[in-house]
């Protein structure tokens with residue numbers, strides 16, 4: 001039997017975002033002004049019927065991002081936090097139901113990491129544990145522009161609320177770590193998170209005791225979980241064009257901040273030969289090189305736009321021994337040099 005056809009990574013702006021989220025934004029921020037809502041949707045190329053209640057369609061993330069930028073232009077900083085209370089498990093569709101019906105919190109988070117892209121195309125998640133605590137770190141999967149701060153804050157708060165909902169413990173014991181200095185709307189952040197909120201460097205993450213991973217899910221339901229995970233898998237294969245093996249490799253690369261350990265080392269850690277790993281990736285229409293390039297491109301774009309790090313240091317962080325090699329790779333990804341991209 002033949003494998004999947006060759007495919008390139010889908011650009012961030014073209015990745016599918018559930019229209020339900022767009023509807024939530026519109027209902028939360030302009031519930032009464034129907035005519036204004038229609039104009040805003042038309043301006044970014046989204047059909048009004050695509051965001052009607054009951055629709056399960058998707059819209060390109062780039063169009064949704066332009067809509068959010070347009071809406072937020074006339075609103076005070078912190079506007080996005082009005083959405084937090086509405087982003088419970090049900091709002092996240094089959095992924096939310098899969099988490100809520102999981103046997104343990106550990107099972108729920110495994111599903112979140114594997115299928116996050118079907119609901120959050122702009123986000124990569126990395127799980128780690130140290131000193132008795134577990135961390136779910138949020139990383140932009142590309143350049144989010146002016147939406148980086150609100151989307152990252154909202155993502156971390158949503159994950160914290162999901163964790164609390166799965167184990168039924170409230171947010172006591174949870175911490176939300178956000179990047180940069182505390183903003184003027186810090187009080188609203190704490191209220192939205194319902195948990196301790198800290199600011200530390202450029203990290204965005206949710207922290208909780210590692211012992212929670214074994215806690216039983218309050219609404220565990222084996223049948224519902226199986227059905228929900230099946231739906232998540234179908235959506236991942238159909239709209240995200242991802243396979244389990246490439247998501248697994250991407251998770252390890254992200255945990256290493258893009259520093260690729262090499263194909264042989266990755267294969268060995270998965271108890272297979274390099275040839276076997278190459279064949280499995282080829283059957284899925286991808287390759288180790290392509291997965292590494294996508295991770296490098298996403299991390300590099302975010303670091304260039306949202307930090308003042310020199311290009312040479314960004315290159316070194318991503319494992320490029322020679323900044324010139326990084327520059328050549330970056331031009332292949334974005335059609336511009338790193339310096340030019342930063343100035344755009």
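The values are calculated or read from the model by the stated rules, or taken from the named source; none is laboratory data. Since this is a predicted model, take the numbers as computed values, not measurements. Quick reminder, even Gly has a Cβ in these numbers, built from the backbone with ideal geometry, and neighbours come from all protein chains shown.
Screening residue 320 on (1) part of a loop (DSSP other than H, G, I, E, B); (2) crowded, with 16+ Cβ neighbours inside 10 Å; (3) modelled with pLDDT under 90 shows it passes everything except condition (3). Of the set (1) farther than 18 Å from residue 298 by Cα; (2) surrounded by fewer than 21 Cβ atoms within 10 Å (Cβ to Cβ); (3) touching a residue at least 24 places away in the same chain (Cβ under 8 Å), all apply to residue 176 but (2). State yes or no: is residue 41 assigned to a helix (DSSP H, G or I), touching a residue at least 24 places away in the same chain (Cβ under 8 Å) and under 19 Å from the mean Cα position of the chain (by Cα)? Spelling it out, it is not the case that residue 41 is assigned to a helix (DSSP H, G or I), touching a residue at least 24 places away in the same chain (Cβ under 8 Å) and under 19 Å from the mean Cα position of the chain (by Cα). Would you be able to say whether some residue in the stretch 262-276 is surrounded by 13 or more Cβ atoms within 10 Å (Cβ to Cβ), closer than 26 Å to residue 127 by Cβ and touching a strand residue (DSSP E or B) at 6+ places or on another chain (Cβ under 8 Å)? There is no residue in the stretch 262-276 that is surrounded by 13 or more Cβ atoms within 10 Å (Cβ to Cβ), closer than 26 Å to residue 127 by Cβ and touching a strand residue (DSSP E or B) at 6+ places or on another chain (Cβ under 8 Å). Only one of (1) exposed (fewer than 14 other Cβ atoms within 10 Å of the Cβ); (2) in contact with a helix residue (DSSP H, G or I) (Cβ under 8 Å, 6 or more places away or on another chain); (3) under 22 Å from residue 141 (Cα atoms) fails for residue 328. Which number is that? So residue 328 meets the others, but not (2). If you go through the stretch 289-315, how many residues are at pLDDT 90 or above, in contact with a helix residue (DSSP H, G or I) (Cβ under 8 Å, 6 or more places away or on another chain) and either over 18 Å from residue 11 (Cα atoms) or assigned to a loop (DSSP other than H, G, I, E, B) (or both)? The number of residues fulfilling the criteria is 5. For the stretch 191-217, give me each residue that is out of contact with any helix residue (DSSP H, G or I) (no Cβ under 6 Å at 6 or more places or on another chain) and part of a loop (DSSP other than H, G, I, E, B). Across the stretch 191-217, the qualifying residues are 194, 200, 201, 202, 203. Just one of the listed residues (75, 109) is out of contact with any helix residue (DSSP H, G or I) (no Cβ under 6 Å at 6 or more places or on another chain), closer than 27 Å to residue 294 by Cα and either free of Cβ contacts under 8 Å to residues at least 60 places away in the same chain or part of a helix (DSSP H, G or I) (or both), and it is 109.
When you scan the stretch 44-69, how many residues do you find that are assigned to a helix (DSSP H, G or I) and modelled with pLDDT under 90? Of the residues in the stretch 44-69, 4 are assigned to a helix (DSSP H, G or I) and modelled with pLDDT under 90.
Checked against (1) under 22 Å from the mean Cα position of the chain (by Cα); (2) surrounded by 16 or more Cβ atoms within 10 Å (Cβ to Cβ); (3) closer than 24 Å to residue 126 by Cβ, residue 231 passes all but condition (3). Residues that are in a helix (DSSP H, G or I) and without any contact (Cβ under 8 Å) to a residue 12 or more places away in the chain were ranked within the stretch 270-287; the one that is farthest from residue 248 (Cα to Cα) is 275.
Taking the listed residues 81, 67, the one that is within 27 Å of residue 189 (Cβ to Cβ) and assigned by TED's automatic domain parsing to the domain that holds residue 167 is 81, with no other qualifying. Checking each residue in the stretch 79-104 for being surrounded by 19 or more Cβ atoms within 10 Å (Cβ to Cβ) and either touching a strand residue (DSSP E or B) at 6+ places or on another chain (Cβ under 7 Å) or not in a helix (DSSP H, G or I) (or both) picks out 87, 93, 101, 102.
Only residues that are without any contact (Cβ under 8 Å) to a residue 40 or more places away in the chain and surrounded by 15 or more Cβ atoms within 10 Å (Cβ to Cβ) were counted across the stretch 191-226, and they come to 5.
Any chance the stretch 134-142 includes a residue that's more than 23 Å from residue 256 (Cα to Cα) and outside any loop (DSSP other than H, G, I, E, B)? Within the stretch 134-142 (the criterion being more than 23 Å from residue 256 (Cα to Cα) and outside any loop (DSSP other than H, G, I, E, B)), the answer is no, since none of the residues qualifies.
Scanning the stretch 1-25 for residues that are at pLDDT below 85 and surrounded by 12 or more Cβ atoms within 10 Å (Cβ to Cβ) yields 3, 4, 9, 10, 11.
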